[in-house]
Amino acid sequence: MAMARAELRTVTVRSSPLPRCVLSRLLPLLLSVSAIGAASAAPLKFGINYGQIANNLPQPTQVSGLLQSLNVNRVKLYDADPIVLTAFAGTGVEFIIGNDDLYNLTDARKARAWVAQHVQPFLPSTRITCITVGNEVLSGKDTTAMQSLLPAMQTVYQAVVALGLGGQVNVSTAHSVNILASSYPPSSGAFREELGQYIQPILNFHAEVGSPFLINAYPFFAYKASPGSVSLPYVLFEPNPGVVDPNTNLTYDNMLYAQIDAVYAAMEAMGHTDLTVRISETGWPSRGDEDEVGATVANAAAYNGNLMKRIAMGQGTPLKPHVPVDVFVFALFNEDMKPGATSERNYGLFYPNGTPVYSLGFFNGASFSPSPTYSSSSKLAITFQMAVVVLLASFSILHSAVPCRA
């Protein structure tokens, strides 16, 4: 129901100094107005990957309610599921969507048709801000796909621009950190030599269109491969002596930040200091096979919990201290149909029934009930109503029958 427009009147009020005791009662109430507004407008700073390789996941409308109750406003999909995108309409949640069909996307007509069907109809109600073309293509063995990657990215970007969406949607692709030949020390980061022919023009593309360089990085894999030589506190963001890069004298107290800076170094070696690295996937499994050392609930809670605390602080890496680390945590749910090792099915922060796999502190208010969506005007109206309540309480103090003591 729309609020009736407030009638404006000019009222002359004779002012007089307020007793200190009244001010002491009034000030906390007045401050609470701004506190209420601030609390309602502070989304968590990390994003979440919403994978759907499972047969027991909740309906997208329920997921929309869950994420809003968590105050998460950035989601990454691996496709462009119209049911999901429709379920999040009007929520303000920002989406990265994906398309792995490289061969068809190199065709300008087919790329434009895909954008027109899977992106354009959902804007602006659903905030689609990025399209990822392919996922970890360069760390695979399909050379045809590698050759098709950049042309597909270019064609999709051209389609986005042609449809008038260039100011809203950018285009990228997500790479495995394994495209690095060297990551230690971070300043010696370098891409694999055989991938240079693909990566160099992709970096040029990112610089031209202003899109981020996306990396999937999992310190868990490094620890699982060498638990005897890789420090567990170092990979879990827990207190440790750290590692000093001898070339820069920068100290790293965790592996993820070292991997990010290694990517920056590798890009600089190819002539690019004008790009931003974002972590499109990172996480830790809560369960694994017998040979998957470290895949435990305690370690998963430590990794994701400590990472989220650092993200909330706006922390940067040692090389880029003023550029806040930007991550999408993997993943929202455990996915029971993912192939491979047991760990692959146990990266979720939540079970499909909405129960947290472990406590992180951020998600105490989780709820599966679909949350209402509010426009900016309705949020303003709610804040106005809160202010009215506070002011009425203030006037009751002013007219209280309990006198102030001298």
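The values are calculated or read from the model by the stated rules, or taken from the named source; none is laboratory data. For clarity, every value in this text was computed on a predicted model and none was experimentally measured. Cβ placement follows ideal geometry from the backbone for every residue including glycine, while neighbour counts extend to all protein chains displayed. Remember, those area values only see protein heavy atoms, side chains included, never the ligands or the DNA or RNA. Shrake-Rupley method; radii C 1.70, N 1.55, O 1.52, S 1.80 Å.
Residue count for region 154-198 under the criterion of being of a type in the set (Phe, Trp, Tyr) and assigned to a helix (DSSP H, G or I): the result is 2.
Where residues in region 48-80 are closer than 14 Å to Arg127 by Cα and not basic (Lys, Arg), which of them is most open to solvent (accessible area, probe 1.4 Å)? Lay out the reasoning, then the answer.
Initially, region 48-80 is screened for residues closer than 14 Å to Arg127 by Cα, giving 64, 72-77, 80.
Filter again for not basic (Lys, Arg), leaving 64, 72-73, 75, 77, 80.
Numbers: Ser64: 5, Val72: 4, Asn73: 47, Val75: 0, Leu77: 1, Ala80: 10 Å².
Here the answer is Asn73.
Residues that are closer than 24 Å to Met308 by Cα and among the small types (Gly, Ala, Ser) were ranked within region 48-83; the one that is modelled with the lowest pLDDT is Ser69.
For region 224-252, a residue qualifies if it is open to solvent by less than 60 Å² (accessible area, probe 1.4 Å) and over 19 Å from Ser182 (Cβ atoms), and the qualifying residues are Pro227, Ser231, Leu232, Pro233, Leu236, Phe237, Asn240, Gly242.
Only residues that are under 25 Å from Arg278 (Cβ atoms) and either at pLDDT below 95 or surrounded by 15 or more Cβ atoms within 10 Å (Cβ to Cβ) (or both) were counted in region 107-124, giving 8. In region 113-133, the count of residues that are of a type outside the set (Phe, Trp, Tyr), under 21 Å from Glu344 (Cα atoms) and in a strand (DSSP E or B) is zero. When the residues of region 268-304 are filtered to those that are over 23 Å from the mean Cα position of the chain (by Cα) and in a helix (DSSP H, G or I), which remaining residue is surrounded by the fewest Cβ atoms within 10 Å (Cβ to Cβ)? Across region 268-304, the extreme among qualifying residues is Ala269. Filtered by the rule that a residue be farther than 25 Å from Arg345 by Cα and of a type in the set (S, T, N, Q), region 298-331 gives Gln315, Thr317. Residues of region 204-233 that are within 20 Å of Tyr347 (Cα to Cα) and either part of a strand (DSSP E or B) or within 25 Å of the chain's Cα centre (by Cα) (or both): Leu214, Ile215, Asn216, Ala217, Tyr218, Pro219, Phe220, Phe221, Ala222, Tyr223, Leu232, Pro233. Being touching a Phe, Trp or Tyr at 6+ places or on another chain (Cβ under 6 Å) and at negative phi holds for only one residue in Val293, Val243, and it is Val243. Among the residues of region 179-189, the one identified as crowded, with 17+ Cβ neighbours inside 10 Å and farther than 17 Å from Tyr257 by Cβ is Ile179. Take the conditions (1) under 25 Å from Gly47 (Cα atoms); (2) over 26 Å from the mean Cα position of the chain (by Cα); Gln200 misses just one of them, which is (1). Applying a threshold of 6 Å to beta carbon distances and a minimum spacing of six or more residues, or different chains, the list of pairs starting in region 195-218 at a residue that is under 26 Å from Ile48 (Cα atoms) and in contact (Cβ under 8 Å) with a residue 60 or more places away in the chain and ending at one that is open to solvent by 20 Å² or more (accessible area, probe 1.4 Å) and aliphatic (A, V, I, L, M) reads Leu203/Met270; Ile215/Val177; Ala217/Val177.
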